[in-house]
Amino acid sequence: MTEPVVWPPAPIRTERLVLRESAARDRATFIELFASPEVGVFVGGAQARGELERTVPGVPGRRPGLFVVELDEAMIGMITLDRRGPEQRRRVRPEGGEAELGYLFLHQVWGRGYAAEACGAALGWFGGAYPGEPVLLCTQTANEASMRLAAKLGFTEVERFAEWGAQQWLGVRR
């Protein structure tokens, strides 16, 4: 994020989770997320574990817009709220630059509502930090779980399009 918002914010606590800045103790989980075949199905595939071991920094993901999602003091996933670049053709504002919600969770915690709880908290923070700004979400239509999550979080369809060999869904939350 380029706007003058204090980063990182204080940890965000929900009923079961904590959203916080990345720490060195999260490195192994970052590698597991990106190396997981299950997690990689709809995001371009799993990355090679050996390559990740060589390239993931000691404190991975320490940047504005990235929240580690923690359950019982252990990382279970991550959420990103990144500004879309000017190369992104699909937008809801003429000037573009909208924030886009992204998320990855360890396969073993899927189906327990953690993504909805964490994304809802991150969107709440974003709404307070950037009142009135839209947030976009893009997912493959084949990713039924992400399509359900988008609806649950209040995203509405902007368009469907073909890209990266699959049908994509772009939604907005205002």
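Data overview
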{"item": "Cross-chain or 6+ apart pairs with Cβ under 6 Å, region 64-85 first and acidic (Asp, Glu), then at pLDDT 95 or above and not in a strand (DSSP E or B)", "result": "ASP82/GLY65"}
{"item": "Residues located in region 62-106, provided they are within 15 Å of the chain's Cα centre (by Cα) and farther than 15 Å from ILE12 by Cβ", "result": "ARG62, ARG63, ASP82, ARG83, ARG84, GLU98, ALA99, GLU100, GLY102, LEU104, PHE105, LEU106"}
{"item": "Region 57-75, residues that are in contact with a Pro (Cβ under 9 Å, 6 or more places away or on another chain) and either exposed (fewer than 13 other Cβ atoms within 10 Å of the Cβ) or in a loop (DSSP other than H, G, I, E, B) (or both)", "result": "ARG62, PRO64"}
{"item": "Which numbered condition VAL172 fails, given (1) part of a strand (DSSP E or B); (2) without any contact (Cβ under 8 Å) to a residue 40 or more places away in the chain", "result": "(2)"}
{"item": "Pair list, Cβ < 9 Å and 6+ apart or interchain, from region 124-142 residues that are over 13 Å from VAL172 (Cα atoms) to residues that are assigned to a helix (DSSP H, G or I) and of a type in the set (A, V, I, L, M, F, W, C)", "result": "GLN140/MET147; THR141/MET147"}
{"item": "Residue within region 40-56 that is among the basic types (Lys, Arg) and either in a loop (DSSP other than H, G, I, E, B) or in contact with a Gly (Cβ under 8 Å, 6 or more places away or on another chain) (or both) present", "result": "no"}
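The values are calculated or read from the model by the stated rules, or taken from the named source; none is laboratory data. None of these values were measured; they are calculated from a predicted model. Quick reminder, even Gly has a Cβ in these numbers, built from the backbone with ideal geometry, and neighbours come from all protein chains shown.
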